[in-house]
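Any read-out appearing in this document is the output of simple, stated calculations on the displayed coordinates, not a laboratory observation. Only a predicted model underlies this, so the values are computations on that prediction, with no experimental measurement involved. As a convention, Cβ positions derive from the backbone with ideal geometry for all residues, glycine included, and neighbour counts pool all protein chains shown.
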Amino acid sequence: MSKATLGGPFTFPGTSLTVQRIGYGAMQLAGPGVWGPPKDPEGAVAVLREAAAAGVNHIDTSDYYGPHITNQIIKQALHPYPTGLVIVTKLGARRPADKSWQPAISPQELTAGVHDNLRNLGLDALDIVNYRVMGAGHGPEEGSIAEQVTVLADLRRKGLIRHIGLSNVTAAQVAEAQAITDVVCVQNNYNLAYRDDDALIDDLARQGIAYVPFFPLGGFSPLQSSTLSSVAGRLGATPMQVALAWLLHRSPNILLIPGTSSVAHLRENLAAGQLTLSPQSLAELDRIAAAVQH
């Protein structure tokens, strides 16, 4: 697997950070429900080392995965980190003992979250920190995020954070944050079937800002589509590989962070960067979203 097959390079705006467009999302390295240690700790380490060996240099994580577990596994597997590896983490939630996901958005909680990430990853500064807005529903909800972004901007001035991103946000919240600090990436729910962010992706592309779809394969309800299956069959690929390849074709600012706890599945995901989709296939795939009711 050469780096050229991982979707090509992308440089975050206003930074010296260049990553391959196919990265790795580490959430699934923790135990069931993103809680506690994995059943196969050695397997989790092997997945990370395989990703790095294949040229992946963009890893997405958070200290509330586990909690703490995922970052500790990343440190165990890859520290001291290879030159050029970009670890992107996120703040905005906490995991109490009942295993729920609760907002953690006060200045004290955000600051503590940065220090937790630094300690468990073994870093002096975090490359990119996304502020993730915890909405009540599945998608973003309007509301000011100025206080939280201002806290992150202050932590950046102190040298604990190098760059700032956003997650689960609306276009208005992106604009609000940009009035406070530079935003290098936005991480929202987006895939072949769920395309509410089409306009936002195009706007960010004009600004050179990365758009990172979480749930690129549908998340906990994997994408199911006869069209997707038929295109995959013609290409001799899996439906999930086609779904990832479509995202790479969708816009040059899209970065992928598919997650897995399996080395075989990781290799399958990375191979999506070698797929070429014909205009006919792209047109077929583009029609999937119109048939899906959110």
Please work out, to two decimal places, the log10 of the ratio I(q)/I(0) at q = 0.07, 0.15 Å⁻¹ from a Debye calculation in which every Cα of the chain carries one identical scatterer.
-0.24, -1.20
If you take every DSSP beta bridge whose two residues both sit in the chain, what share of them, in percent to the nearest 5, is antiparallel?
15 percent
List the residues whose amide H sits under 5 Å from the amide H of N188, counting only those 5 or more places along or on another chain, with H placed 1.01 Å from N in the peptide plane.
N168, V212, F214
If you count, for each residue, the other Cβ atoms within 10 Å and average over each peptide, how do 273-279, 254-260, 117-123 line up from highest to lowest?
254-260, 117-123, 273-279
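Most exposed first by the Cβ proxy, i.e. fewest other Cβ within 10 Å, how do T170, T181 rank? Could you put the intermediate results ahead of the total?
Values: T170 21, T181 17.
Ranking T170, T181 by Cβ neighbours within 10 Å, fewest first, gives T181, T170.
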For Q108 paired with A46, estimate the spin-label separation in nm (one decimal), with each label point 7 Å from Cα along the Cα-to-Cβ line.
4.5 nm
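Which order, highest average first, do 35-46, 59-70 follow once you tally other Cβ atoms within 10 Å for each residue and take the mean per peptide? Please report the intermediate quantities before stating the final value.
Numbers: 35-46: 14.8, 59-70: 24.9.
For the peptides 35-46, 59-70, the packing ranking is 59-70, 35-46.
Quote the relative contact order of the chain in percent (integer), defining contacts as alpha-carbon pairs under 8 Å separated by 6+ residues.
Details: 554 pairs, mean separation 55.3, N = 294.
Value for the chain: 19 percent.
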³J(HN,Hα) computed for each position of region 16-30 - Karplus, 6.51 cos²θ - 1.76 cosθ + 1.60, integer Hz, glycine/proline x
9, 8, 10, 10, 6, 6, 9, x, 9, x, 8, 4, 6, 6, 6
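Using DSSP to call loops (not H, G, I, E or B), can you name the trypsin sites (Lys or Arg not before Pro) in region 245-294 whose Cβ has at most 16 other Cβ atoms within 10 angstrom? Intermediate results must be reported in sequence, preceding the final value.
Details: sites: R250, R267, R287; in loops: R287.
Filter output for region 245-294: R287.
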Where in region 123-139 does the amide nitrogen come within less than 19 Å of the point 7 Å from the Cα of Q178, taken along Cα to Cβ?
129-133
Rounded if a/c is under 1.5, else prolate if a/b is larger than b/c, else oblate: which is region 1-152, with a ≥ b ≥ c the root eigenvalues of its Cα gyration tensor?
oblate
Phi-based couplings in Hz for region 114-126 (Karplus 6.51, -1.76, 1.60; Gly and Pro marked x):
4, 5, 4, 4, 4, 5, 6, 8, x, 10, 8, 8, 9
Mind checking the alpha-carbon convex hull of region 192-233 and giving the volume per residue in Å³?
87 Å³
Integer Hz, Karplus 6.51/-1.76/1.60 couplings in order for region 200-207, x for Gly and Pro:
5, 4, 5, 5, 5, 4, 5, 9
What Kirkwood hydrodynamic radius do you get for region 1-72 when you take the inverse of the mean 1/r over all pairs of distinct Cα atoms, in Å?
13.1 Å
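Can you work out the FRET efficiency for the pair A264 and W35, with r the C-beta to C-beta distance and R0 = 25 Å, to the nearest 0.05? All intermediate terms of the calculation are to be shown ahead of the outcome.
Working: r = 24 Å, r/R0 = 0.97.
The pair A264/W35 has a calculated efficiency of 0.55.
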